[in-house]
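**Student:** Mind looking over this structure? Questions follow.
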Amino acid sequence: MAEVATEEHVRSMPAAGLWAYWWRVLRFAVLGMDPREVDEVSVWALCVPFRLWNKRCRYSGQTFAELYSSGVRSKALRALLPMRFVYFCFLWWWPLVALGRALRHGLRGAKKRFRRDLARPDLALFHSKSEFSDREFAWMRPDYALGMFYAVDFARTNEPFYALDGKLEFAAACARAELPMPRAFSSQEAAARGGDYIVKNPTADLGSGVFAVTAQDLAELEDSTGLIVQERLRNHPDLRRLIGDKAPLSTFRVTTVLDPNTRKPVIWRTSIRIGRHGSDVDNTAQGGIWSQINRDTGEILPGVTKKSFNKRTSKTPGTYSAHPDTGETFAGTKVPYWDEGRALALRAHQALAPDALTLGWDVGIAEGGPVLLEVNVWTTVYDYDPPDDAFSLGCKEIIARLAATRAKR
């Protein structure tokens, strides 16, 4: 699916005007229509929460009403605030915010900034302090749009593969398909066996529910009901030499996507997460480094943290070529089990979710071989140099699938 980005592509990049934006909000939020063109998908995605407000949008059972009101602690205030109406007001008056963002940089170039923010509100909202180059603006992977597509598709079809979003369900599916994962134990088995373990809370996201524990810790737990207990794996020796023994297990993210011609999964994006000393996970939400991987050679490129990516003020974010805790340079190193890990992700996509549009597989780079840790249905990347036309290709498939599911209803 990869397509090389060119200056001609970037120059032809569509930009939305004010009336086009408002017309799209009316069509998608009020009338519930689906997008017909690639350049409509970003605004459509922003309207999805309004349309699905009180419907389950994820396998966990969450609704957008719950997700968007979680920041309001008072239950009484949540009950009184017409949050869905507030969200629509935000959609309708977003151009005023976009205009303010544009004028903040002065009159020169304000029109271009304004039109870009109307065309790609996902980038302007979720990376509000970042300055994207024209190429990034044109080719950025459509994470938010894909997430919203999955929300709509889940509400319409509830396809079986959405259950993979649950950690327990994912582990059971991998066991049935005989895909390699860290060995799992009951807390009692682990306590009796001794050693170190990783405990996961199945309901937590972004690495917040993952902890390294000892067998003694497990023995002292009063209630371990529902927890996932897995062996604690060590990083491949080539990685340990660079990031040290105190860093958590590193994973490389393999994003697979269905090829529109063959309907078979292919590799779309590749990256690696490198954890910091003292952390139990390599997740960027917990301070880890996200580095792209050269898809031809498997070499690690300079990486970014979530903070440096989201809050950069130049065209290129602050990058890391060396591990902050060891001082050792990791950029230029080939990812261990590069070929095996990619093949594992493709095999998992084909075995567990052959009809899924795109999935992000976290492959642990353990000393004994690559293992699957989880799959991300609502996946996110921090690629500061997008390698291909991910936006239009992905969104063309979104448009086709939305039309197909609507036709079946």
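All of the numbers you see were taken from the coordinates with simple rules; none came from a lab. Treat the numbers as computed from the prediction; the structure is a model and nothing was measured. Ideal geometry is used to build each Cβ from the backbone, glycine not excepted, and the neighbour counts take in all protein chains shown.
**Student:** Residue by residue, what Karplus-based ³J(HN,Hα) values in Hz, rounded to whole numbers, does segment 144-153 have, using 6.51, -1.76 and 1.60 with θ = phi - 60° and x for Gly and Pro?
**Tutor:** Here the 3J(HN,Hα) series is 5, 4, 5, x, 6, 4, 5, 4, 5, 5 Hz.
**Student:** Count neighbours as other Cβ atoms within 10 Å of each site's Cβ, and list the GluC sites (Glu not before Pro) in segment 230-331 that are DSSP loop with at most 16 such neighbours.
**Tutor:** Counting only loop positions with at most 16 other Cβ atoms within 10 Å, the GluC sites (Glu not before Pro) in segment 230-331 are 328.
**Student:** Right, here's the next one. Per 5 Å bin, what is the whole-percent P(r) computed from every C-alpha pair distance within segment 183-232?
**Tutor:** Result, from short to long distances: 5, 25, 36, 23, 9, 3 percent.
**Student:** What length, rounded to one decimal in nm, is gained on full extension from residue 378 through to residue 19, with 0.36 nm per residue of separation minus their alpha-carbon distance?
**Tutor:** 126.2 nm
**Student:** Sort the following peptides by mean Cβ neighbour count (other Cβ atoms within 10 Å, averaged over residues), highest first: 145-151, 395-401, 248-254.
**Tutor:** 248-254, 145-151, 395-401
**Student:** Taking loop as defined by DSSP and a crowding limit of 16 other beta carbons within 10 Å, which chymotrypsin sites (Phe, Trp or Tyr not before Pro) in segment 324-377 fit?
**Tutor:** In loop regions of segment 324-377 (DSSP not H, G, I, E or B), there are no sparsely surrounded chymotrypsin sites (Phe, Trp or Tyr not before Pro).
**Student:** Sorting check: for 171-179, 23-31, 220-228, 284-292, which peptide has the highest mean count of neighbouring beta carbons within 10 Å, and how do the rest follow?
**Tutor:** The peptides rank, most packed first, as 284-292, 23-31, 171-179, 220-228.
**Student:** Okay, next question. Using a 7 Å offset from the Cα along the Cα-to-Cβ direction at both residue 156 and residue 175, what is the distance between the two label points in nm, to one decimal?
**Tutor:** Going by the 7 Å Cα→Cβ label model, 3.5 nm.
**Student:** Order of 107-116, 41-50 by packing, highest average Cβ count within 10 Å first?
**Tutor:** The packing order, highest mean first, is 41-50, 107-116.
**Student:** What percent of all Cα-Cα pairs in segment 234-385 falls in each 5 Å bin, counting up from 0?
**Tutor:** Whole-percent P(r) values from 0 Å outward: 2, 10, 19, 23, 20, 14, 8, 3, 1, 0.
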